[in-house]
Each structure stands twice: as C-alpha cells, then as structure tokens.
Amino acid sequence: MLALRSAPPVFSTAEAERIARDIYGLAVAVEPLSGERDCNFRIRTADGDAYVLKIVDGAAQPEATDCQIRVLRHLAEIDPSLPVPKVFATQAGADLGNVEQSGHTYAACLMGYLPGRLLAEARPAAPLLLNVGLTLARLDQALQGFFHPAMAQHIAWDVRRLPELMEFAALIEAASVRRNVTVVRDAMAECLPRLRGLRSQAIHGDCHASNLLVDPAAGAVCGVLDFGDMIHAPLVLEPAVAMSELLTEGLTDVADLGKVVEGYCRRQPLATADIAALFDLITARHAITLLLHAWRSRHDEKGARVIAAGAANAATSLAHLLSLDREALTQEWHEAAGTSQVRSTPVDLGRRHRLLGAGAELFYDKPLHLVRGDGVWLYDPAGRAYLDVYNNVPHVGHSHPHVVRAIQRQVAMLSTHTRYLHESVLEYAEALTARCPSHLDACIFVNSGSEANDVAWRMAQFATGNKGGMVMAHAYHGITDAVAALTPGAGQATDPRVVTLAPPPPILTADDHLSAADLAIAAEDTDLALTTLASRGMAPAAFFIDTALTSSGIFDPPPAWLETVVERVRAAGGLVVADEVQYGLGRSGSHFWGFERRGLARPGLTPDIVTLGKPVGNGYPMGVVIANRTLIEAFQAKFGFFSTFGGNPVAAAAGLAVLQVIENEQLLANAGTTGDYLRRRLEEVAAQHACLGRVRGHGLLLGLEIQGPNAISAKKRTKKIVNALASRARVLIGSEGPLGNILKLRPPMPFRTEHADLLVQAIDAAASTIGGRL
C-alpha cells in the first residue's frame, strides 16, 4: 500500500547540482528540503530565481508521477491565481527527467519555489483558519472535472483504508489508545456505505500543515504543496483532513475547527450529509496516524520519527474527541456550514404587515430573515451565510468584538445624557475634530444622520439669514420633515425653497482632467440654480452634498467640478454642508473624509458643516454635526438645542471604538487596496457581458451599470441580478441611481480581496443567466 513506508530516495547536494545542470541547464546553489516520500532540494540561480527540484519516490508508479504533473498544468489553466507550484520542462522539453543511481531510475521534476511560512510553524488565528478553508474550497473548485487513473491508487493515509490497516492495531503499545482506535474503526465501518453516496471528485487529500504555506500577517494561505497523495474521494474529505491534521499537529483546538468549515463553505457549499460525516472522517484520520506510526516503529524507524509528534498529539486529541458530545460538535459544524438542522419559526409576513403596516419596506423579492452578523457576513436562522456587500451601518464589520465590548462596558456603568459631565463624549469629540480642518472644532450630537442634517439645515439658515437650499438631483439627506425638502424623490425638488444641480459626467474619475467645457457646464448649472432661487426671492442658506453622490448615481468626479460649484455657492452667501454618512470614515480608500477626495480640503473650499450618521456607532444609534465652535454656540444661545440621547456615554464609547478599529486594522488603506482590486475585477467581468457597463465610484463604494435595450429593460435586469445574487449566491447588494440601473456595492470596511472574488463570481454567473433574457 502506497505511503505505508517512508522511503525517499537519497541524493546528495552535489548530485542535485549535477541534475539541475545536466537536465535543466541551471547553474545553481542547492540546499536540501524535507520530504516524506520524495527527495527535495531548493535551488537558486545566480539571477536569484528559486526552484524546487523533486526526485520522486522510487516506489511510486509512473502514472502517479504523471498525475502530479497533469494536475498542476490543469490548475494553472483553470485558476492561475491559485498558489500552487508551476512545473518547468527539461531542456529537451519533457515534463520529467530521468536520473540514474545505483542501477535504479528515478524521475526528476522542477517546480517553482513558493515563498512563505509553513502553517506548521504558526499558531493560526480565526482569520487564517477561515482562509485555509476558503483556499481548499478554491482548490477543489478548480479540480472539478479533473481525473487521472492514478487517483484510484491505494494510499495508506486515505481514511477509507482504515479497516485494512487495523491489522497493525496490535502494535499500538497503549491499551487505551488501541481501544479508542477500535471505537473509531467500528464507527467508520458504519460510515463507509454513506460515504459512497456523497459528492466525490479529485481532491488534494493531504492538506496538512507542512503542505500549506501561509502569510500569518495577512491571515492567508500563500502556497499549497505536494500533490502526490491525490485521490478521487468524497469532497468533504478535503476539509476533514485539514481539520484532523490541525489537531494532530497541535496547532488549534477543537472549538476553532468550525472556522475551517465556515471558510470552505463560503466558497464551496457542502451538503448536510457531508457535515454529518465530518466527525468520523476526522477521528479516522487520527486513527490512521496512530496505526501508521505503530507499524513504522517496527519496520521504518526513520519514517516513524517523521510522524512521532503527530502520533503523540493524535493519541491525546482522539481521546478528547471521543469524550465530547458528538452531536453538539456536529451541530456547530452544521451552523458554520449553513446546513444547520435547527430551524426557527420563520417570521410571518402577515404578522409583520399587521404590526408594522404592509408598506414597511423589505429588501428582495424573497425577504430575508437574518439572526446574526459577523464581519462581512450575515446569517439566517438555518445558519446560512450571506456576504454583505450593501450595509454601511456596521462600518467596521458586523458585531465587531472591540465595539461590542466598548458598548457592553459602558452600558454596564452608565447610560445617561450630556446634561451631566462625562469624559467619553469629550474624548470622542476631540478624536473627530482632530481629523477635520482646524475651523471644524466642535460637535453637536444627535441620534441619526437625518437628525444631523436637520440640525445642519437649521444652523445654515440661522447663520446666513437665508432660506434657500441647493442639493444634487435625486439626492437623499434624511427622513425628517425639514430635510425631506432636501431629498427630491423624482430628481426635482418640490419645495420652492430648494433647487437641484445636475450630477457631473459619469465617465469622469477623480484622476481625470476636467475640460473647460465641463467646467463651464458646472458653472452654468450652479448659476442657473442660484438665479432660480433669486427669482423666488431667496438666497442660498446651504448647499448639501453627499460626497459620494450616491443617490444621484455614484460618481467620482475630478475635484475641479465641486470646487466650481462651491465657489459660486460661497459667493452667493451660502454655506457648504458635507454629508459624510455614506462616504466618511475612510470609505473612499484615499482620504478619511469624502469632502477631501472631492477637493474641499484647501483653504476657502473646506465645508462649513460636516454631518455624520449610521456608520459612526457601527449600528449604535448616533449622528454628529461638526462645525465651528462660534457657530455652534450662537445656535445654542438662540435655540437652546438639546438631544436626550445624543452623545450619551454609550454612543460615545461606540464611536471611539469605531475610530480605534479603523486605525488599528488600517481599514482606510484596505478600502483603497480592496476597492482598486474590486474595480479591476468588475471591469474584467463587465468586458465579458453585454449587459454590464461602466464601473463607477472609488474605494468601497462602487456602482456597476446594468445596460439593456432601453431604460425599463435595464432596470428590470438590475432588479433580477440583485435578487438572483441574494437567493442563489447569498450575496447581498442593492440598486441605485435615477434609473434604478446601478448595482450598489457598499460593504463593511473589512471587505477583502477574497470577498471581492466571491462577489465578482456571483455577478458573472448572474449576468450569464439574466443578461440575455430581457
């Protein structure tokens, strides 16, 4: 049986140098690498290129070696971004070279060297465990459809061989360990018939911690090595092997294994029956380790030493696993996989309509019932995970532990209002104003973005003595009676005090040069709005601008566009209010404030008032008005403004915690990096579908145009794609724009490139299905 004995060929570094020179034409420096069945060397050329020279186990059949070559070629074609070795041909153009030693012929293979740290040398935290699962799922997706006769080989490490290996149980010295292995064998005998009914395919089959390279700082796998144990087997065996090996290598606890399942199932869903088999597969892999070590201790001392530490851990870990509540542990894995057997009573829509009114708005044609959130993920009562690419309220991620702890600590001590002295609201005000231009040096705290804009509107009218308002066409600034006037539902304001401005050209980006013609259009449009107000006997009190121009269609114009508008508003006596509810706190990826990206950071152009809401408390109700202290004090003296819950100690604690997470986790930089990556991926997929158009915006607030024969068709396609992503791919997005034909992508700030890949894959699939239907 293959891999029972560990017997790699023995070659010296001098021989390796000769092989590299004669077969591959490389003059190299050589150093040995470990290998259980093959003789491996890392080789470096004078130019600094690095490779791995692999001299294959003499016991391996030629077809098994051919399988390794072919699968790496296959993966390079299917998913070139997978971190797997690249195969290099010999000087003669062959995949393998022949090496003679003492009358035996061995196969030599040259592969690319992957930098990184072995997972075996790290203590993986939850993000890395998630990424292990995600990487294995990506690998298995790429392996779909691959087959080679060698994958029917009998490998000792295949858990389905456990009954055959039980003849070695007598060699296990500890009676308690023998008993535990027998218990596992009996359970596996019942499990084997069920395994034959599970979804099967080609799998790596041996993703233990010495076959995975990681970047601990990034929390990501950066290399998958050694495809010599590939088999055709149940798909669930892939994560099961990794989970078992994490335990036998002493790298994690049983309680953390669910992260591997969760990561895997985010990319590659498993069935209920797959998860039900996990416990038996994990314990069977433990038993295999113990049986192989027992045999090798008698027949292969060198091979026994290789797995001695794993066998010691396996004995302890297996005893612990068998002492646990198997059903409870399996239920945890069901919840992580989204296959939970627990079903809560669904929310009754009739009851909702009766209690909230039939007009209470719901997302998606098939409304979602969500029960918890974690980072960029939301979960329904069945434990199914949904990728959140819409909600900006949990700015630093759903249920961020740092924010949750800050709220818990403060609410357990004191929750009152600002008519009493309290330091936290002062610390928060200092932290906010420190990030603003110097004249924005004081705050008014309220409970929402609508209230913040309401107060800003009142302050602007008070400060200027004017009554007119200017907003973008189709802008949204809140739900109070006052700011409803600043939210023109059909694009044009109905309140005579308010006029609208046309958005900039959608094809422009912040890096573009604004032509004289475009500048003239912006100037003429602003002047026309001012003239319209004047014809009604009014001057502007304020110009309100959502700095992402979200509701108008998601725009990212050059700074000169807004500078032109602001100069004219200021000259007419109006104030400038930057509504940062959607684009503030680093979402642009280039600046902390959206108004900075819009060009309003220079003296004379900076906003007079900044408003915040939604994201500042990560879900805890809060809104903020930031302005000059002189203006705020005059407003207070005139109106005696007070908000009972505005700025309460719990809200301030939440706000401070959000700022700390943004800083500590470098979320502004992540918004830039991930936003650029997502934009590139969206542009790539848009080029492949006639129904997909331009990508709009910047950072982690992007829009993707949906096209059709006409506006109605485009709007219908947009709605179908949004609903398809929610119901089929479990990816949550929204729609935006005056024509309703913009996919609105506005995820929590911890959104990473691996999440971007999931989103783009879902859009690609939806566009393929829906794009040609209308």
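The values are calculated or read from the model by the stated rules, or taken from the named source; none is laboratory data. What you see is a predicted model; the values in this text were computed from it and never measured. Note that each Cβ is placed from the backbone with ideal geometry, even for glycine, and that neighbours are counted across all protein chains shown. These area figures cover heavy atoms from the full protein model, side chains too; ligands, DNA and RNA do not enter into them. Shrake-Rupley method; radii C 1.70, N 1.55, O 1.52, S 1.80 Å.
Screening ALA382 against (1) closer than 24 Å to VAL581 by Cα; (2) surrounded by 14 or more Cβ atoms within 10 Å (Cβ to Cβ) leaves a single unmet condition, (1). Can you name every residue in region 611-645 that is buried (at least 20 other Cβ atoms within 10 Å of the Cβ), out of contact with any Asp or Glu (no Cβ under 6 Å at 6 or more places or on another chain), β-branched (Val, Ile, Thr) and under 22 Å from ALA541 (Cα atoms)? Matches in region 611-645: VAL624, VAL625, ILE626, ILE632. Sub-8 Å Cβ pairs linking a first residue in region 605-619 that is part of a loop (DSSP other than H, G, I, E, B) to a second residue that is of a type in the set (Val, Ile, Thr) and open to solvent by 10 Å² or more (accessible area, probe 1.4 Å), at least 6 apart or interchain, are GLY613/VAL581; ASN618/VAL393; GLY619/VAL393, ordered by first then second residue. Check whether at least one residue in region 441-462 is without any contact (Cβ under 8 Å) to a residue 60 or more places away in the chain, over 32 Å from the mean Cα position of the chain (by Cα) and either crowded, with 21+ Cβ neighbours inside 10 Å or over 25 Å from PRO649 (Cα atoms) (or both), and report yes or no. Yes, region 441-462 contains at least one residue that is without any contact (Cβ under 8 Å) to a residue 60 or more places away in the chain, over 32 Å from the mean Cα position of the chain (by Cα) and either crowded, with 21+ Cβ neighbours inside 10 Å or over 25 Å from PRO649 (Cα atoms) (or both).
Put simply, of ARG185, ARG266, ARG196 the only residue that is charged (D, E, K, R) and surrounded by fewer than 17 Cβ atoms within 10 Å (Cβ to Cβ) is ARG196. For region 233-263, the candidate set comprises residues that are assigned to a helix (DSSP H, G or I) and of a type in the set (Val, Ile, Thr); within that set, the residue that is surrounded by the fewest Cβ atoms within 10 Å (Cβ to Cβ) is VAL254.
If we scan region 670-678, do we find a residue that is part of a loop (DSSP other than H, G, I, E, B) and open to solvent by 20 Å² or more (accessible area, probe 1.4 Å)? The answer is no; no qualifying residue exists. Each residue in region 386-402 was checked for being in contact with a Lys or Arg (Cβ under 8 Å, 6 or more places away or on another chain), under 21 Å from ASN664 (Cβ atoms) and open to solvent by 40 Å² or more (accessible area, probe 1.4 Å), and 2 of them qualify.
Identification of strands (runs of 3 or more DSSP E) wholly contained in region 6-93 with 3 or more residues that are modelled with pLDDT of 90 or more, aliphatic (A, V, I, L, M) and closer than 29 Å to ALA142 by Cα yields 50-55. Quick check: anything in region 346-358 out of contact with any strand residue (DSSP E or B) (no Cβ under 9 Å at 6 or more places or on another chain), of a type in the set (A, V, I, L, M, F, W, C), open to solvent by less than 20 Å² (accessible area, probe 1.4 Å) and assigned to a helix (DSSP H, G or I)? No, region 346-358 contains no residue that is out of contact with any strand residue (DSSP E or B) (no Cβ under 9 Å at 6 or more places or on another chain), of a type in the set (A, V, I, L, M, F, W, C), open to solvent by less than 20 Å² (accessible area, probe 1.4 Å) and assigned to a helix (DSSP H, G or I).
The lone criterion from (1) free of Cβ contacts under 8 Å to residues at least 60 places away in the same chain; (2) closer than 21 Å to HIS400 by Cβ; (3) of a type outside the set (Asp, Glu); (4) surrounded by 24 or more Cβ atoms within 10 Å (Cβ to Cβ) left unmet by GLY594 is number (2). Among the conditions (1) under 35 Å from the mean Cα position of the chain (by Cα); (2) at pLDDT below 95; (3) not hydrophobic (A, V, I, L, M, F, W, C), the only one that THR433 does not satisfy is (2).
Looking at LEU600, is it assigned to a loop (DSSP other than H, G, I, E, B) and either open to solvent by 10 Å² or more (accessible area, probe 1.4 Å) or of a type in the set (Val, Ile, Thr) (or both)? Taking the combined requirement at face value, the residue does not satisfy it.
Hey, any hits in region 507-517 for a residue that's over 18 Å from GLY613 (Cβ atoms) and over 40 Å from the mean Cα position of the chain (by Cα)?
Taking region 507-517 and keeping what is over 18 Å from GLY613 (Cβ atoms), we get 507-517.
Next, from what is left, pick out any that are over 40 Å from the mean Cα position of the chain (by Cα): 516-517.
The answer is yes; a qualifying residue exists.
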